[in-house]
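Contents: one structure, followed by commentary.
What follows is calculated from the coordinates using simple rules that are stated; it is not laboratory data. All figures in this text were calculated on a predicted structure; none of them were measured in a lab. All Cβ positions, even for glycine, are placed from backbone atoms using ideal geometry, and neighbour counts span all protein chains on display.
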Amino acid sequence: MAVRVVTDLAPIESPPVSSRAGVLAGLAAALLQNKKALAGLAMLAFFAIVALLAPVIAPYDPHSLQFDPILRPSLAHLLGTTSFGQDIFSQLVWSTRQSLLLAIIAGLMATLISLAVGVSAAYLGGLADHVLNLFTDVFLVIPTLPLMIIVAAYAKSGGVAVLIAVIVITGWSYGARQLRSQALSLRNREFLEAARVRGERSLYIIVFEVLPNMTSLIVAIFLGAALYSVLAAAGLQFIGLGDPNDLSWGTMLYWAQANGALLAGSPIWVLAPGICIALLGAAFALLNYAFDEISNPALRPVKKAK
Amino acid sequence: MSYLVRRLEFFFITLWAALTINFILPRIMPGNPGEAMLVRFHGRVSPQTIKTLEVAMGIDNHQPLWQQYVQYLGNTLTGNFGTSVTFFPTSVGDIVKQGLPWTLGLVGMATVIAFALGTLVGMLSAWRRGGWLDAILPPVFIVVSAFPYFLLGLIVLLVLSLTLNWFPLGFAYDVTSSIELSWSFVGQVLWHGFLPALTIVITSIGSWILTMRNTMITTLAEDYVKMARAKGLSPVRIMFMYAGRNAILPNLTGFAMSLGFVISGAILVEIVFNYPGIGFTLLQAVHSEDFSLMQTLFFLITVAVLVAVLAADFLTAWLDPRTRDAS
């Protein structure tokens, strides 16, 4: 459901870093020079502002049924109204909040699990690595949507919490695999050897020596997980497995589809939330790809003059 | 050989994991959902069917857990999936049999087309690094692949079927005709299948292109490619036989890995187009809370993906001697 670009990770050859500020400053500088990253950032910022200012931007109460059904777009109703007489534009604006928040929260949680599983597998090695790796692969291969559908169907009326849980359970494995291979390539580097000789504890080494050197990959994995969350949440809500009273783009699509919006001649009801989902997804995808370019120099666009 | 043995081991462990998830889920969910389903069943089916369902849903509390587990594994592996509530009194097995060929045909065709086309385009795009193909394709497909499958399906439906009337609105063949082996029927199937397949191809092709492009770029920097150039081999030969041939392996692994994602997307596409495959059946099962049908579908979809992954593994072993020799 999401783009899964499989690239062999470039071995890290840059000098090791151990202060977080240095890494983040470097990343920020690289981001600002990358067009794809800038486009993604701009889109994300736009949605964040809309989400924050929803009460100011939306002209009407999104739940209110006070208008005539299926009005054409006009100045009073920028995108027309639904079959229930709700203002589509107001719904769209308010829905930004849940859709964005859900993507970020589910993305963060999935990334944390990826980190825990991937890095400890690489660092512990041996049997623990074998078991964790197998566990990751199993979750990677099991088709996620049917699994999500079953879990969500069993735990019906669980609301947003269930949605997030389902997405996190099915979304962590890809990142874990990538993190493991990068952590493996770091394992025998001299600066880690030095830390071990100094007698640092494993936890210290992982948190302060290994993780800072994987910052760009971790950010890329978060972006991938967030993209996955956007699409997964939209898909689940679209087929009616979210809370139908929620205000989110997926739920809007569900109601539009349930009322045959395409056939009833109000395609905007379907297209508006759909395009928002696609744009939010594209924002995460663009940033994700940009990070791939930043962490793997071989992929950077070449200068044409050669 | 040990490579294939390990892949087989993985196949069975994942199969077991899917079965176990099916077994555990209804037992850990609050407010036993299976019981509600059984209430609707009572008086309508034989006691033996009830028994099977009870085992699957974990309602039969007289037995110890491990016994239920063994019984459940036995039932599933012998193809005893129980009876469907939605399509009562048809058995779950029969319903799946009706839907499976449609899904396999649609997803299979679309995936193979997307994979072949995507690999070729990715190869070309890396070969002409910085050319127009390379400049346009990655950003376009990054954006397209962020499209939800069902959204693209809806747009395609709106434009090509509703507005332009070029294609039928859904389903796999004309509802008025019956299934038969004739040219007109085959034509209908292709006609009806075109839009769903197109949707799957457009949304999934991007990741093949990008993966292939990225690996190809790495491969093109290898010494043996430089050597081939120095020998003065024709560019076409270098592209396909030297660089492409080696770059395709990670793409094949990626192919196996992302099949689960593709199938997930295809389920949504089927729902949009009312295509009578597994995904559409799954939606009906969800709406009528038919848990035994849902569980069976999840299990069978997983089996299908695993078989495909295994096939890709065998193909990799055949293509790449290194995987065979590695201990």
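Let me have the relative contact order for the stretch B:196-327, percent, based on Cα pairs under 8 Å that are six or more residues apart. List each step's numbers first, then the result.
Working: 78 pairs, mean separation 32.0, N = 132.
Reported as a whole number, the value is 24 percent.
Quick one: order B:LYS231, A:LYS36, B:LYS226 by neighbouring beta-carbon count within 10 Å, fewest to most. Before the final figure, lay out the partial values.
Details: B:LYS231 8, A:LYS36 22, B:LYS226 12.
The most exposed by this proxy come first: B:LYS231, B:LYS226, A:LYS36.
Using only atoms on other chains, find how many Cβ atoms lie within 10 Å of each Cβ of peptide A:190-199 and report the average. Each step should come with its number before you reach the end.
Working: counts 0, 0, 0, 0, 0, 0, 0, 0, 0, 0.
The mean count of partner-chain Cβ atoms within 10 Å per residue comes to 0.
Could you give each residue of the stretch A:132-146 its phi-based ³J(HN,Hα) in whole Hz, using Karplus coefficients 6.51, -1.76, 1.60 with θ = phi - 60°, and x for Gly or Pro?
Coupling constants for the stretch A:132-146: 4, 5, 4, 4, 4, 4, 4, 5, 6, 8, 4, x, 6, 5, x Hz.
Relative contact order for the stretch A:142-251 using alpha-carbon pairs under 8 Å, separation at least 6, rounded to a whole percent? List each step's numbers first, then the result.
Working: 65 pairs, mean separation 38.4, N = 110.
Computed over the stretch A:142-251, the figure is 35 percent.
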